Amino acid sequence: MPTVVISPFNVLNFPEGGGHFWVYMQYAQGLRALGCDVYWLEAFRGRDSKAEEDALLAPFLARMARFGFGGKLILYAGSEPCGPAGLPKQYLGCRRAEAEAIFERADLLLNFHYAIAPPLLARFKRAALVDIDPGLLQF
């Protein structure tokens with residue numbers, strides 16, 4: 001079964017954007033319907049307090065579990081300084097070794113995040129940038 005990691009942008013931090021969520025989830029569900037093992041990789045911008053972070057994370061995690069992504073999320077702090085080799089220092093939802101093993105075995109990174117850190121992007125043997133916002137790269 002092929003392993004695909006999708007890298008959406010700003011879904012977790014934009015809970016009021018239902019259409020924004022579905023832009024990415026339709027790809028994830030379509031790939032799963034085709035028989036792929038799909039993981040969701042997303043940067044998480046922290047909040048001022050742990051309570052605010054928990055209030056944002058809890059509904060997102062529940063929503064993702066409803067769509068079959070419990071245990072398939074790789075979240076990382078997007079505002080944190082990077083760790084070794086320019087990679088995120090830590091991942092939420094899985095250990096660093098687990099995340100990196102998924103990156104190593106992934107057949108494809110389906111990248112929707114235009115500004116993903118180059119060292120993180122380089123962890124994947126194959127990546128495809130999906131330009132969902134015509135004009136952003138053209139201008």
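What lysines does Lys50 reach when the alpha-carbon gap must be under 20 Å and sequence neighbours fewer than 8 apart in one chain are set aside?
Within the straight-line limit of under 20 Å, Lys50 reaches these lysines: Lys89.
For Ala55 and Leu34, calculate 0.36 nm times their separation in residues minus their Cα-Cα distance, and state this gained length in nm to one decimal.
Residue separation times 0.36 nm, minus the Cα-Cα distance, leaves 4.2 nm.
If amide H atoms are built 1.01 Å from N in the plane of the peptide, which residues on other chains or at least 5 residues away come under 5 Å of the amide H of Ala127?
Leu109
Gaussian network model of the chain, Cα springs within a sub-10 Å range: biggest mean-square fluctuation belongs to which of Arg96, Arg63, Arg32?
Arg63
Starting from the amide H of Val38, placed 1.01 Å from N in the peptide plane, find each other amide H under 5 Å away whose residue is 5 or more places distant or on another chain.
For Val38, whose amide H was placed from the backbone, the distant partners under 5 Å are Val4.
Please check which bits of segment 1-36 a label hung off Leu92 would reach, taking the label as a point 7 Å along Cα-to-C-beta and the cut-off as backbone N under 13 Å.
10-15
Once you put a point 7 Å from the Cα of Arg63 and another 7 Å from the Cα of Glu100, both along the Cβ direction, what distance in nm separates them?
3.2
For the chain, set up a Gaussian network in which alpha carbons nearer than 10 Å are linked by springs, and say which option among Leu110, Leu12, Leu57 fluctuates the most.
Leu57
Which of rounded, prolate, oblate describes the chain, given a ≥ b ≥ c as roots of the alpha-carbon gyration tensor eigenvalues and a/c under 1.5 marking rounded, otherwise prolate only if a/b is larger than b/c?
rounded
Values quoted throughout were computed directly from the atomic coordinates according to the rules given, and no laboratory measurement underlies them. A quick note: this is a predicted structure, and the numbers were derived from the prediction, not measured. No Cβ is skipped: glycine too gets one built from the backbone with ideal geometry, and neighbour counts run over all protein chains shown.
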